[in-house]
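Engineer: The structure follows.
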Amino acid sequence: MSTPAPGAGSSQAGPPGEHHDLAELLAVAERAARAAGELVSRGRPARLEVLRTKSSTTDVVTAMDTASEELLVRLLRGARPGDGVLGEEGGASAGTSGVTWVVDPIDGTVNYLYGLPTYAVSVAAVLGDEDGAVRPETWTALVGCVHEPTSGRTWTAVRGGGAWLDGTPLAGPADVALGEALVGTGFGYTPRRRTAQARVLAGLVPQIRDVRRGGVASLDLCAVGTGWLDAYYERGLQPWDHAAGALVAAEAGAVVRGLSPQDRAGEAFALAAAPGLAAELGDLLEGLDPLAE
Ligand code: LIP
């Protein structure tokens, strides 16, 4: 268990009159993420079968994705029965507390399917908006935990309280010039979307240090917060892909936004970097028209 987040004790969060103990939420998130990480790492069968596919034949779901999400839901609802859950494999279930858990049971499913060691369990607690909608564009992220089972590395973050890797505060990304930037990104699951993303990447690569494609959005966002990447961007992320990692990056000092500076990170686009690089990279990406199919 990482060091409790300083300043994460009981504090006013969300709309007036709401009171959520951020330290409690973080402890619940980390316990659940670690338990699910234990399940998927120790329980991975030698022959891992694809249960079904989603947006394309390469967008896979394994039995471990499902088992991990079932465990996460059981632990989170057991600890906080009044909370809602929004999970990659199980859809959504409303709560009464105003808090919703946004979970990715295995982020980096293709890596996990192939036996690659980089994948994560991502758990975030968010407050929905005044209408009760739970959407990245309007939610208030309260706490986040990204756990990488193979290394044991665990990133945590608390709204307004900071971000940590295994209890050590994160220094955040360096504000480097575009030409020196190591930039992470990712690709969707359909040929049409990947063609568009490759076009944008071709326009970007000559102007930056280099690209990294890890296949795990939550870890890419944590890498920005840890200074292991200077920036990360991707189009088409699902809420569970970025809910926790975006809070880690933001609490470590990164700007986390959509394509335009005034846009929130969401499915349309997500970008994370130090302030100066975020502005420079964002301008370059806007010029490459990344939302055109
Ligand atoms: C993955 C993301 C990654 C993206 C992949 C995939 P999944 O999530 O974390 O950034 O590039 O295409 O969407 O599907 O493994 O949960």
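Engineer: Using the heavy atoms of the protein chains and a 1.4 angstrom probe, tell me the accessible area per residue for the stretch 178-287 in square angstrom.
Structural biologist: 37
Engineer: Under a point-charge model restricted to the Cβ atoms of Lys and Arg (+1) and Asp and Glu (-1), what is the dipole moment magnitude of the stretch 59-109 relative to its Cα centre, in debye to the nearest 20?
Structural biologist: 380
Engineer: Can you tell me how the stretch 82-135 classifies by the Cα gyration tensor, rounded, prolate or oblate, using a/c under 1.5 as the rounded cut?
Structural biologist: Values: a/c = 3.41, a/b = 3.06, b/c = 1.11.
Prolate, since a/c reaches 1.5 and a/b exceeds b/c.
Engineer: With each run of n ≥ 4 DSSP H residues scored as -39500 (n - 2.57), what mean residue ellipticity at 222 nm is computed for the chain after dividing by its residue count and rounding to the nearest 500 deg cm²/dmol?
Structural biologist: -10000 deg cm²/dmol
Engineer: Express in Å², to the nearest 10, the accessible area of Trp228 obtained by rolling a 1.4 Å probe over the protein heavy atoms while all chains stay in place.
Structural biologist: Around 130 Å² of this residue is reachable by solvent.
Engineer: Based on a Kirkwood Rh over C-alpha pairs, give the Stokes-Einstein translational diffusion coefficient of the chain at 10 °C and viscosity 1.306 mPa s in µm²/s. Provide the component values of the computation, followed by the final result.
Structural biologist: Working: Rh = 18.8 Å.
The diffusion coefficient I find is 84 µm²/s.
Engineer: While we're on this one: With the calculation restricted to Cα positions, what are the radius of gyration and Dmax of the stretch 19-162 in angstrom?
Structural biologist: Both quantities, over Cα of the stretch 19-162: 15.0, 46 Å.
Engineer: Which of Thr66, Gly152, Pro45 sits closest to the plus end of the dipole of the chain, meaning its Cα is farthest towards the positive end, when Lys and Arg get +1 and Asp and Glu get -1 on the C-beta?
Structural biologist: Pro45
Engineer: May I ask you to derive the FRET efficiency for Ser93 and Arg52 from their Cβ-Cβ distance with R0 = 25 Å, giving the value to the nearest 0.05?
Structural biologist: Efficiency for this residue pair is about 0.75.
Engineer: Next question, about the same structure. Can you figure out the FRET efficiency of Thr168 with Ala63, using R₀ = 25 Å and their beta-carbon distance, to the nearest 0.05?
Structural biologist: Calculated transfer efficiency: 0.10.
Engineer: Taking 0.36 nm per intervening residue step and subtracting the Cα-Cα distance, what contour gain separates Glu130 from Ala202 on full extension?
Structural biologist: That works out to 21.8 nm of additional length.
Engineer: Separation of the stretch 105-163 and the stretch 74-94 by C-alpha centroid, Å?
Structural biologist: 14
Engineer: With every protein chain present, what is the per residue accessible area of the stretch 12-169 (1.4 Å probe, Å²)?
Structural biologist: Accessible area per residue, the stretch 12-169: 42 Å².
Engineer: Are there any GluC sites (Glu not before Pro) in the stretch 90-198 that are in a DSSP loop and have at most 10 other Cβ atoms within 10 Å? List them by number.
Structural biologist: The qualifying sites are Glu130.
Engineer: Going by a ≥ b ≥ c, the root eigenvalues of the Cα gyration tensor, does the stretch 178-287 fall in the rounded group (a/c under 1.5), the prolate group (a/b larger than b/c) or the oblate group? Walk me through the numbers on the way to the answer.
Structural biologist: On the way: a/c = 1.38, a/b = 1.10, b/c = 1.25.
Since a/c stays below 1.5, the shape of the stretch 178-287 is classed as rounded.
Engineer: Next up: If each of Arg264 and Val110 carries a label point 7 Å out from its Cα toward its Cβ, how far apart are those two points in nm?
Structural biologist: Result for the modelled spin labels: 2.8 nm.
Engineer: With no solvent and one point per C-alpha, what does the Debye sum give as log10 I(q)/I(0) for the stretch 190-245 at q = 0.17, 0.23, 0.24 Å⁻¹?
Structural biologist: Here log10 of I(q) over I(0) equals -0.62, -1.03, -1.08.
Engineer: Does the stretch 90-176 come out rounded, prolate or oblate, given a ≥ b ≥ c as the square roots of the eigenvalues of its C-alpha gyration tensor, rounded meaning a/c under 1.5 and, failing that, prolate meaning a/b above b/c?
Structural biologist: Taking the square roots of the gyration eigenvalues as a ≥ b ≥ c, the stretch 90-176 is oblate.
Engineer: Same structure again: Among Thr185, Gln207, Gly227, pick out the residue whose Cα is farthest towards the positive end of the charge dipole of the stretch 155-293, where Lys and Arg carry +1 and Asp and Glu carry -1 on C-beta, about the Cα centre.
Structural biologist: Of Thr185, Gln207, Gly227, it is Thr185.
Engineer: Also, I was wondering about something else. Most mobile of Leu116, Leu75, Leu219 per a Gaussian network model of the chain (Cα springs, under 10 Å)?
Structural biologist: Leu116
Engineer: Return the long-range amide H neighbours of Leu51 (sequence gap of 5 or more, or a different chain), with a cut-off of under 5 Å between placed amide H atoms.
Structural biologist: The answer is Val61, Thr62, Ala63.
Engineer: Over the chain, with every protein chain in place, what whole percent of the accessible area is carbon and sulfur at 1.4 Å, could you tell me?
Structural biologist: Of all accessible area on the chain, carbon and sulfur atoms account for 53 percent.
The values are calculated or read from the model by the stated rules, or taken from the named source; none is laboratory data. Nothing here was measured: the structure is a model prediction, and the numbers come from that model. Note that we place each Cβ from the backbone using ideal geometry, even for glycine, and neighbour counts take in every protein chain shown. Quick note on the areas: whole protein, heavy atoms, side chains included, nothing else; ligands and nucleic acids left out. Shrake-Rupley method; radii C 1.70, N 1.55, O 1.52, S 1.80 Å.
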